[in-house]
Amino acid sequence: MSERFRRMEMMIGAEGLARLQAACVTVVGLGAVGSYATEGLARAGIGRLRLVDHDFVRESNINRQLYALTSTLGRPKIEVAAERVRDINPDCQVDTVRTFVHVETMDAVFAGEPDVVLDAIDACTPKLELICAAMERRVPLVSSMGAALRADTTRIKVGPLGQTTGCPLARQLRQGLRRRGVEPSVRCVYSDEPVDTRRVFPPEELAAGELERGRRRRALGSLPTVTGIFGLTLANEAIRLLAGLP
């Protein structure tokens, strides 16, 4: 066994590690949360990662996104992410899909029969469509709720979407699912800390050539510590599920 994952084996046993190395995980959204989720999976020895994102690295990403560096500005996030994963674990098979997630792109997102999908999208409508698509396909999914506008890491929790409190995004998703007759039972990472609307700013300007889909969203203040913990918690949920941990 490679020294890279010896400490993983000490935690989850040889069988658990073998499950991770045989697993395929799709991460949708490689921003503040998704980049850290991908990092956790790569360092855990996941055998195959499918990375989905449509955006480029921008200077405004540097405070909170793992792939945002002075040297990577202007590059597609999926390219930077794939390079980093391969540098961590050359044995990991990395597939990249540069697309905006919506109804018409779900077949591409779910191609390759993922064992788990991690949802790190920050827009409500694509998030709703992804959750519904995963439920229809019976693919386990763990979804990140809103990490911006929070400062207290002790308020971060994991549980069913239907039992979340204090998260406006979670409330919107619950309503959207129930309008479709779907029970909001998907597992999610969320914070019950009340949002501080003083940390909301006008929408960021788009860079030249940047792809835009959907309604322009206002910029939200965020801490790298909080968004990073959200992402690593997503990864941890996937690891526990795949390795058969309680």
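Tell me, which residue of the stretch 136-157 that is open to solvent by less than 50 Å² (accessible area, probe 1.4 Å) and assigned to a strand (DSSP E or B) is farthest from Arg178 (Cα to Cα)?
Ile156
Check the stretch 16-28 and report whether any residue there is touching a residue at least 60 places away in the same chain (Cβ under 8 Å), assigned to a loop (DSSP other than H, G, I, E, B) and either open to solvent by less than 20 Å² (accessible area, probe 1.4 Å) or of a type in the set (Phe, Trp, Tyr) (or both).
Among the residues of the stretch 16-28, at least one is touching a residue at least 60 places away in the same chain (Cβ under 8 Å), assigned to a loop (DSSP other than H, G, I, E, B) and either open to solvent by less than 20 Å² (accessible area, probe 1.4 Å) or of a type in the set (Phe, Trp, Tyr) (or both), which makes the answer yes.
In this structure, is Asp119 closer than 24 Å to Ile46 by Cα and acidic (Asp, Glu)? Walk me through how you get there before you give the answer.
Working: closer than 24 Å to Ile46 by Cα: yes; acidic (Asp, Glu): yes.
Judged against the criteria, Asp119 is a match.
So, of the residues in the stretch 88-124 that are of a type in the set (S, T, N, Q) and in a loop (DSSP other than H, G, I, E, B), which turns out to be most open to solvent (accessible area, probe 1.4 Å)?
Going residue by residue through the stretch 88-124, those that are of a type in the set (S, T, N, Q) are 89, 93, 96, 99, 105.
Next cut, in a loop (DSSP other than H, G, I, E, B) only: 89, 99.
On the way: Asn89: 6, Thr99: 28 Å².
That would be Thr99.
Could you figure out which of (1) in a loop (DSSP other than H, G, I, E, B); (2) at pLDDT below 95 isn't true of Arg198?
(1)
Checking Gly31 against (1) closer than 16 Å to Ala238 by Cα; (2) within 11 Å of the chain's Cα centre (by Cα), which single condition isn't satisfied?
It is condition (1) that Gly31 fails.
Could you tell me how many of the residues in the stretch 29-39 are part of a helix (DSSP H, G or I) and touching a Gly at 6+ places or on another chain (Cβ under 7 Å)? Spell out how you get there, then give the answer.
Start the filter on the stretch 29-39 by keeping residues that are part of a helix (DSSP H, G or I), which leaves 34-39.
If we keep only those that are touching a Gly at 6+ places or on another chain (Cβ under 7 Å) as well, we get 34-37.
The qualifying residues number 4.
Look through the stretch 201-246, keep the residues that are open to solvent by less than 40 Å² (accessible area, probe 1.4 Å), polar (S, T, N, Q) and at pLDDT 95 or above, and return whichever of them is farthest from Pro140 (Cα to Cα).
Taking the stretch 201-246 as the starting set, the residues that turn out to be open to solvent by less than 40 Å² (accessible area, probe 1.4 Å) are 210, 219, 221-222, 226-228, 230-231, 233-235, 237-239, 242-243.
Then keep just the ones that are polar (S, T, N, Q); that gives 222, 227, 233.
Then drop every residue that is not at pLDDT 95 or above, which leaves 227, 233.
On the way: Thr227: 22, Thr233: 16 Å.
The extreme case among them is Thr227.
Which residue pairs have Cβ atoms under 7 Å apart, sit 6 or more places apart or on different chains, and have a first residue in the stretch 225-246 that is part of a helix (DSSP H, G or I) and a second that is of a type in the set (Asp, Glu)?
Leu242/Asp115
Would you be able to say whether some residue in the stretch 76-87 is of a type in the set (Asp, Glu), exposed (fewer than 15 other Cβ atoms within 10 Å of the Cβ) and either without any contact (Cβ under 8 Å) to a residue 40 or more places away in the chain or part of a helix (DSSP H, G or I) (or both)? Before you say what the answer is, go through the steps one by one.
Restricting attention to the stretch 76-87, the residues satisfying the condition of being of a type in the set (Asp, Glu) are 79, 83, 87.
Then drop every residue that is not exposed (fewer than 15 other Cβ atoms within 10 Å of the Cβ), which leaves 83, 87.
Subsequent filtering for residues that are either without any contact (Cβ under 8 Å) to a residue 40 or more places away in the chain or part of a helix (DSSP H, G or I) (or both) retains 83, 87.
Yes, that holds for at least one residue.
Identify the residue in the stretch 41-57 that is open to solvent by less than 50 Å² (accessible area, probe 1.4 Å) and of a type in the set (D, E, K, R) and, among all such residues, is nearest to Leu220 (Cα to Cα). Even if it seems obvious, please write down each step before you answer.
We begin by selecting, within the stretch 41-57, every residue open to solvent by less than 50 Å² (accessible area, probe 1.4 Å); these are 41-42, 44-47, 49-55, 57.
If we keep only those that are of a type in the set (D, E, K, R) as well, we get 50, 53, 55.
Details: Arg50: 27, Asp53: 20, Asp55: 17 Å.
Ranking the candidates gives Asp55 first.
Any residue in the stretch 164-181 that's under 17 Å from Arg150 (Cβ atoms): show its pairings with residues that are part of a loop (DSSP other than H, G, I, E, B) and among the β-branched types (Val, Ile, Thr) at Cβ separation under 6 Å, as long as the two are six or more apart or on different chains.
Here the result reads Ala170/Thr164, each pair linking the stretch 164-181 to a residue that is part of a loop (DSSP other than H, G, I, E, B) and among the β-branched types (Val, Ile, Thr).
Kindly provide the set of residues from the stretch 144-162 that are over 19 Å from Thr197 (Cα atoms) and free of Cβ contacts under 8 Å to residues at least 60 places away in the same chain, ordered by number.
Of all residues in the stretch 144-162, those over 19 Å from Thr197 (Cα atoms) come to 144, 154, 157-162.
Passing the criteria: Thr154, Lys157, Gly159, Pro160, Leu161, Gly162.
Just to check your reading of the model, which residue among Ala123, Ala82 is among the small types (Gly, Ala, Ser) and either over 30 Å from Arg4 (Cβ atoms) or touching a helix residue (DSSP H, G or I) at 6+ places or on another chain (Cβ under 9 Å) (or both)?
Working: Ala82 fails: either over 30 Å from Arg4 (Cβ atoms) or touching a helix residue (DSSP H, G or I) at 6+ places or on another chain (Cβ under 9 Å) (or both).
Answer to the selection: Ala123.
Among the residues of the stretch 181-193, write down those that are open to solvent by 40 Å² or more (accessible area, probe 1.4 Å) and either modelled with pLDDT of 95 or more or at positive phi (or both).
Gly181, Ser185, Arg187, listed by residue number.
The values are calculated or read from the model by the stated rules, or taken from the named source; none is laboratory data. This is a predicted model, so every value here is computed, not measured. Neighbour counts run over all protein chains shown; Cβ positions are idealised from the backbone, glycine included. These accessible areas exclude ligands, DNA and RNA; they are computed on the full protein's heavy atoms, side chains included. Shrake-Rupley method; radii C 1.70, N 1.55, O 1.52, S 1.80 Å.
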